[in-house]
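The values are calculated or read from the model by the stated rules, or taken from the named source; none is laboratory data. These numbers come from a predicted model, not from an experiment. Methodologically, a virtual Cβ is constructed for each residue, glycine included, from the backbone with ideal geometry; neighbour enumeration extends over all protein chains shown. Each accessible area value is taken on the protein alone, full model and side chains, heavy atoms only, with ligands, DNA and RNA left out. Shrake-Rupley method; radii C 1.70, N 1.55, O 1.52, S 1.80 Å.
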There are 2 protein chains.
Amino acid sequence: MNDKIEPRVLKGFRDILPPAEMERRRFISIVEAVFRSFGFVPIDTPSLEYSDILFGKGGGETEKQVYRFTDNGGRDIALRFDLTVPFARFMAEHVNELPLPFKRYHISKVWRGENTQRGRYREFYQCDFDCVGADCAMADFEILSIMVASLKSLGLSSFTIRLSHRGIFNRFLAHSGISGQSVEILRLVDKLRKIGADEVKSQLAGLIGGENAERVLDFIHPEVDFEKTIEKMERLAGGEAEDGHRLRTVRRLMIEAGLEKHFVLDPSITRGLDYYTGVVFETFLDELPAIGSVCSGGRYDDLASLYTNQKLPGVGASIGMDRLLAALESLGASDAGAGSSDVLIVNAQDAESGIPFKLAQAFRLAGLSCEVYTDRKKAGPQFAYAEKKAIPFAITDLGDGRVCVKDIKTRQSQDFDSLEGAVAHIKAACKGNA
Amino acid sequence: MNDKIEPRVLKGFRDILPPAEMERRRFISIVEAVFRSFGFVPIDTPSLEYSDILFGKGGGETEKQVYRFTDNGGRDIALRFDLTVPFARFMAEHVNELPLPFKRYHISKVWRGENTQRGRYREFYQCDFDCVGADCAMADFEILSIMVASLKSLGLSSFTIRLSHRGIFNRFLAHSGISGQSVEILRLVDKLRKIGADEVKSQLAGLIGGENAERVLDFIHPEVDFEKTIEKMERLAGGEAEDGHRLRTVRRLMIEAGLEKHFVLDPSITRGLDYYTGVVFETFLDELPAIGSVCSGGRYDDLASLYTNQKLPGVGASIGMDRLLAALESLGASDAGAGSSDVLIVNAQDAESGIPFKLAQAFRLAGLSCEVYTDRKKAGPQFAYAEKKAIPFAITDLGDGRVCVKDIKTRQSQDFDSLEGAVAHIKAACKGNA
C-alpha cells in the first residue's frame, strides 16, 4: 500500500537545481554590482497587493492572467504581475521621504497565469532599474549607459540598442491626422519584427488606408545613419522640436562616452504601451537576434498618475533575465558547469575525525570554497561525488602534515609535504581557470 | 475632484526602502558567501504549490494561517508558508539526480496570514541550510560550525548555541512511562523560556502528575558542565546509548575545532516539532537574550516521508534573518547609515554635458561607487541630495583637469590638480571607513 502524495509542481512552475540557481545568483550579483556602482539602490515591495492597486478601478485584459483571490480577511488581493505597477504605488506613497531623482533597482519575482504552451513560466524574475523625478537627456543617457555596462559585465560585447522617441512618433501621427488610431497603429508597428513589413503594411492599410500605411512604413524605416534618420523623422513629424533635440543630446553624450557603436536610431521601436512618452529602446544580441529584446524600456512622464496628482517623470529599463541566461549559455559565456566548490576533503571512513574540518578551514582562509565529505563511505564513492559536483580537486590526509591532491578530471594524484603547498597549488590552478 | 486610488499596502506587509534593503542584501551576501565556502549550493522552488503538497492529506492548524485559494484552472493551491515542506517535496522529486549527501541552502520569501498584532509580518524571508542523505556526527557538527561561521561573518562574537538530543529526550519519556503525552510535554518544555520553570512544572503536573513533572524538570535542567549534564540525561533515560555517543562525538569535534566555547548542552531544548529525532539546537545572543533564538534546527531521520518511501535523514538549521537584522542594528554591528554610493558628481546646471559621466567612470574603475546627479538643479540642492543619501563626497569639475572634492559631513572642500589625485584621496578615505 502506498499512501504517499505524488511529489510534483504546478504547471508553468519549476524547481531550480543548484547549477541553474548558482548561475542565476551569479547573474544577479553581476548586474547588482553595476547598478550599485552607478549609485542605484535596491527596494522591495510586497508580493501581494490590493487588486485595485494592481489593476486600477477598471480591470481588463491583464486581470485574466493573474493570481487574484480573496484572503481570509475578505480582501480582494493579487500577486504582482510586474514590478512597475508596485513601483508606481511605492513612489506615490513614499515620494516625500525619498531624495529625488530617485534611482532604484528591483530584482524580484512576479507571477502571471500565462499560457504555458509558448514555453513561458508562470513565475519568473524581473530586473528593473529606473531614475524617477528628473526629465533630462543626462538621465536618459545614464539608463542607456547602465544597460551597456550590465551587458559588458555579463561578458557580452556584440549587442545593439535600438533607440527611438515616442514623442516624435506621436507628433508624426498627429501631423498625419491618424492620432485617433494610435493604439492600434502602435500595436501593429510593435509586431514588425514578428510578422514582417508587408504584413504590417497590409494590416495598416485596412486600418488607416493605403496612403497613410505607406507614410507609417516610411517613417519607421531607418536611414543609413543617425543624422539622416532623425532628419526624416522630424520632417515627417512636422519639423524640429524639443523631442529631436533630446535625441541629439543623448546621441552626443554617447559619442563623448565612446558608446555610440552600441546604438542605432530605429523609429520602428515604439514599445507599444501607452505609458511611454520619450525615448524608447530595445536591445538585441547581434549573434542571437531571434531571441528578441534582452533589455527594454523608455521614458514616461507620469509614473504614478493612478495614485497621486504629483507628476513623476522618469526613465527606466528592464533586463530580461531568463532570456539573457539562456543566451549566455548558448554563447558559452555562462559559468555553467562550475563546481559547487573548489576542493573536497576526503573523509577517512568511520573515523568521525576533526582533521578534515581543519584541512578545509585552511583552504577557506585562502579564499577557496571547500567541502568536507560528511558521510561514511569509501574513497571511491567520495571521488565520484566530487566528479558529479564538478569539484576539481580532492584532498586526502596522509598524516604527519602530508596531503595527497587528486585532480578529479585527470585522475592524477600529487603528494605534498605540507598543507600550505597543496593550498598554494590549488589556488594557482583555480586562479588560472577564473 | 480626486479619482486617485489611495496608495497603500496590505496589513502585515511592508515596503522596504533602500537603507533597509541594502542591509538585507548585505546580510544575504555575507551568509551566502559562508554557505558557498562550505560547498553548500543554492536551490529555488515555486512560491505556489498544490495544497496537498503543503498540507498533506489532512490539513489542520497550519492551514488557517496560509494564503490558500483556487487558481483560474480550478487547482487548489497555496503560497508556501516555509521552505522545509517544499524542500522535502523537492528531495522526493529529484533525489535520483542529486549527489548525496546533498548540501543546499535556500534564502527566499514565505507567506503566513499570521496575527499581525504581535509585530509579525505576513511576508518574510527564511534562510535555511541542510545536509540531507547522511547520518553522522560530522554532518551534525558541520551544520553547527556553519552557524558559528555565519554569525561571526555578520560581526557577532558573543552567542551561545544551546544543544540537546531529541533521541535521549524520547528515551527519557519512554523510561519514565510518559511517552503517551510526549506531544504535550514537548510543547510545554518548549515554553520554558517564555513562561518560566514554575509555570511549566505546574502545567506538567496537571498533565502527568507531580512526581513525573518533577522528573521532567530535573531532566531538562543543565548541570555545571557538558559531562555532568550528559551523565544525568543518560541516567534518567535508562543508560548509555548511541544518542549520547553522538553528542559526545559532536562535542569532541567542537573541541578539536576550538569552537566549544560557543556551545552549551541544554536538555531543555526540544524544538517542539515531532519532526526532529537527533541533535536539536537554538542560538541566543549573549547581549540580547530576550529576542529569542536567532538560529535553530536539528536532525531529522525522514525528511520526505509524505512523498516517498525512501528514507532521507538530514540535519539543518534556519537563520532568523529579521531578528538578526534587528539585533545587528541595536548592537551597532549593522551597516545602517551606509551611503547609497561613495561619490556624487555635481552637475553644472543645464549643461547636459558628458564630463560628469567621464569623471564618474574614473571613480568606478577605481572600485568606488559613483553617482552622477542627473537633474538640472543648482549646486546647493545637489549637496543636500548627497547629504540625504549619506554620500560622503561630492566632486565638482573645475576645468583643465582640476576637480574640487567636498566632504559632505564637514562641508570642507579641497581642490585637486588632477582627477587621479581626487580618486586616490577618496579611495583612501573610503578604505579607512570600511
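Yes/no matrix, rows are residues, columns are (1) within 13 Å of chain A (Cβ to nearest Cβ); (2) in contact with a strand residue (DSSP E or B) (Cβ under 9 Å, 6 or more places away or on another chain); (3) farther than 30 Å from A:Arg248 by Cβ:
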{"position": "B:Tyr300", "(1), (2), (3)": "no, yes, yes"}
{"position": "B:Tyr307", "(1), (2), (3)": "yes, no, yes"}
{"position": "B:Gly320", "(1), (2), (3)": "no, yes, yes"}
{"position": "B:Ala326", "(1), (2), (3)": "no, no, yes"}
{"position": "B:Ser341", "(1), (2), (3)": "yes, yes, no"}
{"position": "B:Val346", "(1), (2), (3)": "yes, yes, no"}
{"position": "B:Gly354", "(1), (2), (3)": "yes, no, no"}
{"position": "B:Ala366", "(1), (2), (3)": "yes, no, yes"}
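Identify, from the list A:Arg246, A:Arg252, the residue that is basic (Lys, Arg), surrounded by 21 or more Cβ atoms within 10 Å (Cβ to Cβ), under 19 Å from A:Ile146 (Cα atoms) and within 11 Å of another protein chain (Cβ to nearest Cβ).
Result: A:Arg246 is the single residue among A:Arg246, A:Arg252 that is basic (Lys, Arg), surrounded by 21 or more Cβ atoms within 10 Å (Cβ to Cβ), under 19 Å from A:Ile146 (Cα atoms) and within 11 Å of another protein chain (Cβ to nearest Cβ).
Suppose we filter B:Ser182, B:Ser164 for residues that are open to solvent by 20 Å² or more (accessible area, probe 1.4 Å), more than 14 Å from chain A (Cβ to nearest Cβ), in contact (Cβ under 8 Å) with a residue 12 or more places away in the chain and of a type in the set (Ser, Thr, Tyr); which single one remains? Reasoning before the result, please.
Values: B:Ser164 fails: open to solvent by 20 Å² or more (accessible area, probe 1.4 Å).
When all the criteria are applied, what remains is B:Ser182.
Take the residues in segment B:326-347 that are surrounded by 19 or more Cβ atoms within 10 Å (Cβ to Cβ) and within 14 Å of the chain's Cα centre (by Cα), then tell me which one is nearest to B:Ala424 (Cα to Cα). Talk me through it step by step, then tell me what you get.
As a first pass, look at segment B:326-347 and keep what is surrounded by 19 or more Cβ atoms within 10 Å (Cβ to Cβ): B:327-328, B:334, B:339-347.
Those still in the list that are within 14 Å of the chain's Cα centre (by Cα) too: B:327-328.
Details: B:Ala327: 35, B:Leu328: 32 Å.
Only one residue tops the list, namely B:Leu328.
Can you name the condition, by its number, that B:Ala362 falls short on among (1) at pLDDT 95 or above; (2) more than 22 Å from A:Ile255 (Cα to Cα)?
Unmet condition: (2).
Tell me, which helices (runs of 4 or more DSSP H) lie completely within segment B:41-129 with 2 or more residues that are at the interface with another protein chain (Cβ under 10 Å from one of its Cβ atoms), within 30 Å of A:Ala390 (Cα to Cα) and more than 22 Å from the chain's Cα centre (by Cα)?
Values: elements: B:51-55, B:61-64, B:84-94.
It comes to B:84-94.
Give A:Lys4, A:Lys11 a once-over and let me know the one that is facing chain B (nearest Cβ under 8 Å), of a type in the set (D, E, K, R) and either more than 27 Å from B:Phe90 (Cβ to Cβ) or free of Cβ contacts under 8 Å to residues at least 24 places away in the same chain (or both). Steps first, answer last, please.
Details: A:Lys11 fails: either more than 27 Å from B:Phe90 (Cβ to Cβ) or free of Cβ contacts under 8 Å to residues at least 24 places away in the same chain (or both).
Answer to the check: A:Lys4.
Taking B:Gly39 as the residue in question, decide whether it is out of contact with any Gly (no Cβ under 7 Å at 6 or more places or on another chain) and touching a residue at least 40 places away in the same chain (Cβ under 8 Å).
Details: out of contact with any Gly (no Cβ under 7 Å at 6 or more places or on another chain): yes; touching a residue at least 40 places away in the same chain (Cβ under 8 Å): yes.
Spelling it out, B:Gly39 is indeed out of contact with any Gly (no Cβ under 7 Å at 6 or more places or on another chain) and touching a residue at least 40 places away in the same chain (Cβ under 8 Å).
Within segment A:387-419, track down each residue that is open to solvent by less than 50 Å² (accessible area, probe 1.4 Å) and in a strand (DSSP E or B).
Taking segment A:387-419 and keeping what is open to solvent by less than 50 Å² (accessible area, probe 1.4 Å), we get A:389-396, A:399, A:401, A:403-408, A:416, A:418-419.
Answer for segment A:387-419, where residues must be open to solvent by less than 50 Å² (accessible area, probe 1.4 Å) and in a strand (DSSP E or B): A:Phe393, A:Ala394, A:Ile395, A:Thr396, A:Gly399, A:Val403, A:Cys404, A:Val405, A:Lys406, A:Asp407, A:Phe416.
Which number in (1) surrounded by fewer than 19 Cβ atoms within 10 Å (Cβ to Cβ); (2) away from chain A (no Cβ under 14 Å); (3) under 16 Å from B:Asp135 (Cβ atoms); (4) β-branched (Val, Ile, Thr) marks the one condition that B:Val224 misses?
Of the numbered conditions (1) surrounded by fewer than 19 Cβ atoms within 10 Å (Cβ to Cβ); (2) away from chain A (no Cβ under 14 Å); (3) under 16 Å from B:Asp135 (Cβ atoms); (4) β-branched (Val, Ile, Thr), the odd one out for B:Val224 is (3).
Could you please find all residues in segment A:255-274 being within 14 Å of chain B (Cβ to nearest Cβ), surrounded by fewer than 18 Cβ atoms within 10 Å (Cβ to Cβ) and of a type outside the set (Gly, Ala, Ser)? Can you show your working first?
Keep residues of segment A:255-274 that are within 14 Å of chain B (Cβ to nearest Cβ), which gives A:255-260.
Of the ones still in play, those that are also surrounded by fewer than 18 Cβ atoms within 10 Å (Cβ to Cβ) are A:255-258, A:260.
Residues satisfying the conditions are A:Ile255, A:Glu256, A:Glu260.
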